[in-house]
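Below is one structure, written out as structure tokens, with a few remarks after it.
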Amino acid sequence: MRTVAEWKAHPQGRAVFAEPLIAMEKAGAAWSGWRPTAARPLAGVKVLDLTRVLAGPVATRFLAGYGADVSG
């Protein structure tokens, strides 16, 4: 375990801090046509569920309820 200061000084910690928390890139025409709706705000978003225990399946079921295409 590292302290926060040690992690910020570590090369890998510096690399992580240099990246944005969330990064989105356009992936062609399919991305530009996507628009959320109030009823299904995640419609068109694909989620790959590789979880097995409690919170993971519950979270992906929650995402599916909001319209995400969940597979796993």
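Taking first residues from segment 34-59 that are touching a residue at least 24 places away in the same chain (Cβ under 8 Å) and partners that are of a type outside the set (Gly, Ala, Ser) and surrounded by fewer than 13 Cβ atoms within 10 Å (Cβ to Cβ), the Cβ contacts under 7 Å between residues at least 6 apart in sequence or on separate chains come to Ala43/Thr37; Gly44/Trp34. Considering segment 23-49, the residues that are open to solvent by 80 Å² or more (accessible area, probe 1.4 Å), aliphatic (A, V, I, L, M) and closer than 15 Å to Ala64 by Cβ include one that is modelled with the highest pLDDT, namely Leu48.
The values are calculated or read from the model by the stated rules, or taken from the named source; none is laboratory data. Computed from a prediction, not measured in an experiment: that's the story for all the values here. A quick note on method: Cβ atoms are made from the backbone with ideal geometry, for glycine too, and the neighbour counts reach across all protein chains shown. Please note that ligands, DNA and RNA were not included when accessible areas were found on the heavy atoms of the full protein model with its side chains. Shrake-Rupley method; radii C 1.70, N 1.55, O 1.52, S 1.80 Å.
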